[in-house]
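Have a look at the structure below, then the notes.
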Amino acid sequence: MNKTILEKIVNKRKISIKKSNDDIPLDFLQKKSQKMPKIFSLIEKIYNSNKPALIAEMKRSSPSAGVLDANLNPSKKAKLYCDAGASALSVLTEKDYFNGDIKDLKFAAEKAHKYFIPVLRKDFIIDEYQIYEARCAGADAILLIIAILDEKSYKFFYRLSHDLGMDVLVEVFDEPELELAMKLSPRLIGINNRNLKTLKTDLSVFESLSKQIPKSCLKVAESGMKNSEDVKLMYEMGADAVLVGEALMKSRSPFDLTSKISNINLGKNHDQD
């Protein structure tokens, strides 16, 4: 039986985590995590935003889009996003399929925190090592993907993240995943319009799942938004925030597109960048 791209990513991640643990032991990260400076809350940033909240993502490449920016400078990209008005940043740190690095998170966080802007570690988290590693690199929040976690792991990782002071963006794609996610009544749910097993996107995924989420929970629309019209559609469907990466990384004018999405007018603008 052929493995899905998601299964391949997870299998590679298991190998890379073991290597990281050999290089920098878990107990070292556990001690260091206790000395990290204060967190900038992603939840508070979205909740208190008086405009649609944009989580602007940086990544060098992806399985669906190929190479986006092989020479990504995370510090410069973070500055651009912050200057353009992003509410938060997301940094891809998975190496084998996205060419990311934990150092990208560190450099982006150092810059973003000067603007009091929170940073999310975007990765395929399957081990507590990655959570301590995220905190030590300056992450304010992490992503937990329900599709790759069982209930026990999900609950453990969620609580550990909170114990370390980090917010958690819980990602779902379908109703069974949403049902599991809601067992902890998370304050932040990400609805991924991309099926991680096939990589196909469908913006109607957000529409159907968001209706089943209580108003007490902040909703983040993820993936598949190619322009500001798509983003506007997500807001009209009830999104409190959007996570946009590929469109910003591909844009000829990333500052302008970031600014446009960050200050989106729910009126009639149309953008094909």
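For segment 235-254: of the residues being assigned to a loop (DSSP other than H, G, I, E, B) and on the phi < 0 side of the Ramachandran plot, which is surrounded by the most Cβ atoms within 10 Å (Cβ to Cβ)? Residue satisfying both the conditions and the ranking: 239. Against the list (1) within 21 Å of residue 232 (Cα to Cα); (2) exposed (fewer than 15 other Cβ atoms within 10 Å of the Cβ), the condition residue 90 fails is (2). Quick one: would you say residue 203 is under 26 Å from residue 265 (Cβ atoms), among the hydrophobic types (A, V, I, L, M, F, W, C) and over 14 Å from the mean Cα position of the chain (by Cα)? Criteria met by residue 203. Of all the residues in segment 44-85, those that are under 25 Å from residue 239 (Cα atoms), surrounded by fewer than 20 Cβ atoms within 10 Å (Cβ to Cβ) and either touching a strand residue (DSSP E or B) at 6+ places or on another chain (Cβ under 6 Å) or without any contact (Cβ under 8 Å) to a residue 12 or more places away in the chain (or both) number 3. Contact map, segment 11-25: first residue closer than 11 Å to residue 127 by Cβ, second residue hydroxyl-bearing (Ser, Thr, Tyr), Cβ cut-off under 7 Å, separation 6 or more or different chains; pairs are 17/129; 20/129; 21/129. The condition of being more than 17 Å from residue 56 (Cβ to Cβ) and in a loop (DSSP other than H, G, I, E, B) holds for only one of 219, 215, that being 215. I'm trying to understand the selection: among the residues of segment 1-60, which are touching a Leu at 6+ places or on another chain (Cβ under 7 Å) and acidic (Asp, Glu)? 57, the sole residue that qualifies.
For segment 93-138, the set of residues classified as over 21 Å from residue 10 (Cα atoms), surrounded by 18 or more Cβ atoms within 10 Å (Cβ to Cβ), in contact with a Phe, Trp or Tyr (Cβ under 8 Å, 6 or more places away or on another chain) and not aliphatic (A, V, I, L, M) consists of 113, 118, listed by residue number. Among all residues of segment 162-171, there is none that is among the acidic types (Asp, Glu), more than 30 Å from residue 111 (Cβ to Cβ), free of Cβ contacts under 8 Å to residues at least 40 places away in the same chain and surrounded by fewer than 18 Cβ atoms within 10 Å (Cβ to Cβ).
On the basis of being at pLDDT 95 or above, assigned to a helix (DSSP H, G or I) and farther than 27 Å from residue 260 by Cβ, does residue 152 make the cut? In short, yes. Based on what the data block shows, is residue 64 part of a loop (DSSP other than H, G, I, E, B), closer than 19 Å to residue 223 by Cα and not acidic (Asp, Glu)? So residue 64 passes the test.
Taking the criterion of being modelled with pLDDT under 90, among the polar types (S, T, N, Q) and surrounded by fewer than 18 Cβ atoms within 10 Å (Cβ to Cβ), the only residue of segment 202-234 that qualifies is 204. For segment 189-198, filtered to residues that are in contact with a helix residue (DSSP H, G or I) (Cβ under 6 Å, 6 or more places away or on another chain) and farther than 20 Å from residue 88 by Cβ, the residue that is surrounded by the most Cβ atoms within 10 Å (Cβ to Cβ) is 196.
The values are calculated or read from the model by the stated rules, or taken from the named source; none is laboratory data. Only a predicted model underlies this, so the values are computations on that prediction, with no experimental measurement involved. Heads up, the Cβs are rebuilt from the backbone with ideal geometry, glycines too, and the neighbour counts pull from every protein chain shown.
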